[in-house]
Amino acid sequence: MSKDEYLFEEVYEPADDTYLLLKVAQEEVKSKDNVLELGCGSGMISAKLRPLVHRVFATDVNPHAVQMANKAGIETVRTDLFMGIKSKFDLIIFNPPYLPTEPTDKVEGWLNFAFDGGASGRDTIDRFLEGLKEHLKPDGRALLLVSSLSGLDDVETKAQKVGLKSQMMIREKYFFESLYVIKLNVADKNDMKI
């Protein structure tokens, strides 16, 4: 097995969720945008967006994903979500691990980080939402992929609790789940429910 074949075994291969997020991201980006993609996997989304924006920066917790994205010419660092990132961005994109998993559901190796959303499917999503505001520019926005398996209503409720407003961008139904891409912005006083 070649080194590149090994990397593909350890990195999430782009699938329906990746392509859905890419579709919305391509419609959302502006040429002046500084973009952050969290959990970039192979770097496919960042590579497609790079010619459309000012700058793309990507992260992943998986060292094999970082290596693969760097090989694709994407400026990528290994980190967990926003850890160590001080900058603010115009657009943040995230296809999180969203499958509800029990300890017996875990996948061996680094690929588990792409799937394992914890018992609710929202462990990583919740941490993302909690750190998002401090990394968005004042008029910044984020695109988050959410599965019906992890509960869209619960994600939107959590977003509101941490001072974010959400907007449905797209919904597609698949065999065993629906996938959504929601846009998140920092809520102003008029957006907050009483």
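The values are calculated or read from the model by the stated rules, or taken from the named source; none is laboratory data. Everything numeric in this text was worked out from a predicted model, so none of it was measured. Counting neighbours? That spans all protein chains shown, and the Cβs are built from the backbone with ideal geometry, glycine included.
A compact table of results
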quantity: Residues (buried (at least 23 other Cβ atoms within 10 Å of the Cβ) and assigned to a strand (DSSP E or B)) located in the range 18-58; calculated: 35, 36, 37, 38, 56, 58
quantity: The range 86-95, subset over 22 Å from residue 16 (Cα atoms) and in contact (Cβ under 8 Å) with a residue 12 or more places away in the chain, residue surrounded by the most Cβ atoms within 10 Å (Cβ to Cβ); calculated: 89
quantity: Positions within the range 131-147 being more than 22 Å from residue 27 (Cβ to Cβ) and of a type in the set (Gly, Ala, Ser), in sequence order; calculated: 131
quantity: Number of the condition not met by residue 13 [criteria: (1) modelled with pLDDT under 95; (2) surrounded by 14 or more Cβ atoms within 10 Å (Cβ to Cβ); (3) farther than 20 Å from residue 169 by Cβ]; calculated: (2)
quantity: Residue 131 vs. criteria small (Gly, Ala, Ser) and closer than 14 Å to residue 82 by Cβ; calculated: yes
quantity: Residue under evaluation residue 69, criteria (1) part of a loop (DSSP other than H, G, I, E, B); (2) closer than 25 Å to residue 182 by Cβ; (3) in contact (Cβ under 8 Å) with a residue 12 or more places away in the chain; (4) not aromatic (Phe, Trp, Tyr), criterion not met; calculated: (1)
quantity: Which numbered condition residue 83 misses (of (1) touching a residue at least 24 places away in the same chain (Cβ under 8 Å); (2) part of a loop (DSSP other than H, G, I, E, B); (3) over 23 Å from residue 180 (Cβ atoms)); calculated: (1)
quantity: Of all residues in the range 109-122 being in a helix (DSSP H, G or I) and under 19 Å from residue 178 (Cα atoms), the one that is modelled with the lowest pLDDT; calculated: 115
quantity: Any hit, the range 71-80, residues being within 21 Å of residue 24 (Cβ to Cβ) and surrounded by 15 or more Cβ atoms within 10 Å (Cβ to Cβ); calculated: yes
quantity: Residue within the range 136-159 that is free of Cβ contacts under 8 Å to residues at least 24 places away in the same chain and part of a loop (DSSP other than H, G, I, E, B) present; calculated: no
